[in-house]
Each structure stands twice: as C-alpha cells, then as structure tokens.
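Here is the structure we will look at.
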Amino acid sequence: MSDVETEPQSADSARPTDESTPRSTGASILELRNLEKRFGGITAVDGASFEVERGTITGLIGPNGAGKSTTFNCITGVHEPNAGSVVFDGEEITGLEPHQIATRGLVRTFQIAREFPEMTVLENMMLAPKAQLGESLWRSVTPIVRSDVVEQEGEMRERAWEMLDFFEIDHLAHEYAGNLSGGQRKLLELARALLTEPEMLLLDEPMAGVNPSLEKKLLEHIHELQEQGYTFLLVEHDMDVIMNHCEHVIVMHQGSVLAEGVAEEIQSNEAVIEAYLGGDV
C-alpha cells in the first residue's frame, strides 16, 4: 500500500453512489423458489419461497430454529441447497461460491462483525474493493505497470475515506479495529460491504450489541442508502426495528414461510402471533 494518506472529502462527496444515476427500483431483485436444506435427518429449510422487491427494506423474522440463518447461508453460497433455486437480479445463483455471489452484487454482513482486529479501520476498508491490481505480485513489483497499481490504490483509499466519512467513523480510521465498540464494528462492516459495490445487502442481526444512539445512526444510514436504490434483507429479533423500518416482513416457522406482508398485517396475523410473537409486539 502507498504511504500517502488521502484525507476525507467534503460531506457531499461522501455519498456511496452517484445520486445523478439512481438505481432502478420496482421489480423483484431476489427470488427463492421451494428452497430446501437438510443436515442429515434434520430439515432446516423446508420449501421456502419468497421474493424481495428491488429498493426496499425487507425483514426476515421467526423464532430460533425457524431456518432464517440457514436461508441466508443458502442465498449467499455458504450452504448449497438440496433443492430449489435462488435467483438474483435475473440470474440463477444456486450453488455458487460465496465470492462468486458477492461479485454479482449480493453481499452479506454477519451477526458478529468479522473485522481484522489487528489491522486499522482504514486497512480493513482497503481490503474490500474488487479486482485490485495490487493482488497480482508481478504488477506490484514490475516498474512499468506498478504506476497503475499505485493510481488504483489512491482511488480506493479516497473512496474508503469517503465511506468512513459517510458513516461518521472517519475519526477512527487509524484505530485498530479490535478496539472498536460493537456498534462501531457494525458501521465498519456495513461501510466495508458497500465498498464492494453491491446491489443488495443481507444484514444478519445488524442491531445486535448496538447501543441506542448508534442503532439510530445505523438505521438512518440504511434508510439513506435505500433512498439511493440499495436493497436490504435483514434478519432482526428487535421487533420495533422490523415493524417500524421494513416495508415488507417475511415470517419463517419450522423452515417454511408462514406469512408475509406489511407490518400491520403481520402484527394482526393469528398464526404469526401463535407461532412467534406471543400475542404482543
């Protein structure tokens, strides 16, 4: 990496996308059809089918053991489904490797943030962009082409600063990631995910371990990104977050989709109340 630091840009330049070219919205960006995943004699996902509309925030909820995490893992290539299909942005991605799915624009975060604790926040960010020329040894050491590596690295460093500024953690750029609070790690993980230039983000328990002030900030950023056309599917146990911030809610139970609809419909659905919500949200 270059030793030259690029300082954060102005607030207007710290936007994750070019607002003059908004992403398209309206059609389904993710489709699951009769998805099944078995582990030995246990069926974790049992014929789950649902769609996520482009440009929305969709919640995926259900009691422990409902199959939410396994569904996430099947979507993102961690597990290969035993049956069914996953279609992202019109392309079937069933059974692809996680890195292949990520390069297509479908990226996930984890319940426990997976930063590199002994690297700085900025260094963690610099690992995220795709197709880095510096990953090729010969490009890094050959004088004729090394200038291209240096130029690209400078652009990526500037982009990383802009993203850190957008998430208001640029003051932590040179702090070791292992020293961050739980909420700051969630902001770092989301910022790093956005550097991969995704179309859709799957957020696994994004509010877990986040204090109220950082939770509010994180939700504000998610809504701002949604306004720019990003799509979100999130697993979250905080029902206030789900019911107040998701346009569409999908409820899983025993590996299948029990119900789906807007928050008001889910709150009044007797089957959902009996299976999961316990009569009160």
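Can you tell me how many residues within the range 125-171 are in a loop (DSSP other than H, G, I, E, B) and either out of contact with any Asp or Glu (no Cβ under 9 Å at 6 or more places or on another chain) or at pLDDT 85 or above (or both)? Walk me through it before giving the result.
We begin by selecting, within the range 125-171, every residue in a loop (DSSP other than H, G, I, E, B); these are 127-132, 136, 142, 167-169.
Filter once more, keeping what is either out of contact with any Asp or Glu (no Cβ under 9 Å at 6 or more places or on another chain) or at pLDDT 85 or above (or both): 127-128, 131, 136, 142, 167-169.
Counting residues in the range 125-171 that are in a loop (DSSP other than H, G, I, E, B) and either out of contact with any Asp or Glu (no Cβ under 9 Å at 6 or more places or on another chain) or at pLDDT 85 or above (or both) gives 8.
Whether any residue in the range 222-232 is touching a Leu at 6+ places or on another chain (Cβ under 6 Å), closer than 23 Å to residue 264 by Cβ and of a type in the set (A, V, I, L, M, F, W, C) is what I want to check.
Kept after step one, since they are touching a Leu at 6+ places or on another chain (Cβ under 6 Å), are these residues of the range 222-232: 232.
Checking the rest, the ones that are also closer than 23 Å to residue 264 by Cβ come to 232.
Keeping just the survivors that are of a type in the set (A, V, I, L, M, F, W, C) gives 232.
Yes: one or more hits.
Just one of the numbered conditions (1) over 25 Å from residue 76 (Cα atoms); (2) among the hydrophobic types (A, V, I, L, M, F, W, C); (3) modelled with pLDDT of 90 or more is not true of residue 234; which one?
Here residue 234 meets the rest and fails (1).
So residue 93 fits all but one of (1) touching a Lys or Arg at 6+ places or on another chain (Cβ under 7 Å); (2) crowded, with 22+ Cβ neighbours inside 10 Å; (3) among the aliphatic types (A, V, I, L, M); what number is the exception?
Status for residue 93: all satisfied but (2).
Residue 98 - would you say it is farther than 17 Å from residue 35 by Cα and free of Cβ contacts under 8 Å to residues at least 60 places away in the same chain? Give the steps one after another, and end with the answer.
Values: farther than 17 Å from residue 35 by Cα: yes; free of Cβ contacts under 8 Å to residues at least 60 places away in the same chain: yes.
It is true that residue 98 is farther than 17 Å from residue 35 by Cα and free of Cβ contacts under 8 Å to residues at least 60 places away in the same chain.
Go through the range 229-256 and give me each residue that's among the aliphatic types (A, V, I, L, M) and more than 19 Å from residue 218 (Cα to Cα). Break it down stepwise before answering.
Here is the first cut: in the range 229-256, the residues among the aliphatic types (A, V, I, L, M) are 233-235, 239, 241-243, 249-252.
Answer for the range 229-256, where residues must be among the aliphatic types (A, V, I, L, M) and more than 19 Å from residue 218 (Cα to Cα): 249, 250, 251, 252.
Per-residue answers, yes or no, for (1) over 17 Å from the mean Cα position of the chain (by Cα); (2) more than 20 Å from residue 269 (Cβ to Cβ); (3) acidic (Asp, Glu):
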residue	(1), (2), (3)
52	no, no, no
68	no, no, no
73	no, yes, no
77	no, yes, no
92	yes, yes, yes
97	no, yes, yes
100	no, yes, no
106	no, yes, no
109	no, yes, no
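The values are calculated or read from the model by the stated rules, or taken from the named source; none is laboratory data. Quick caveat: nothing in here was measured; it's all calculated off a predicted structure. Here Cβ is always computed from backbone atoms with ideal geometry, including for glycine, and neighbour counts include all displayed protein chains.
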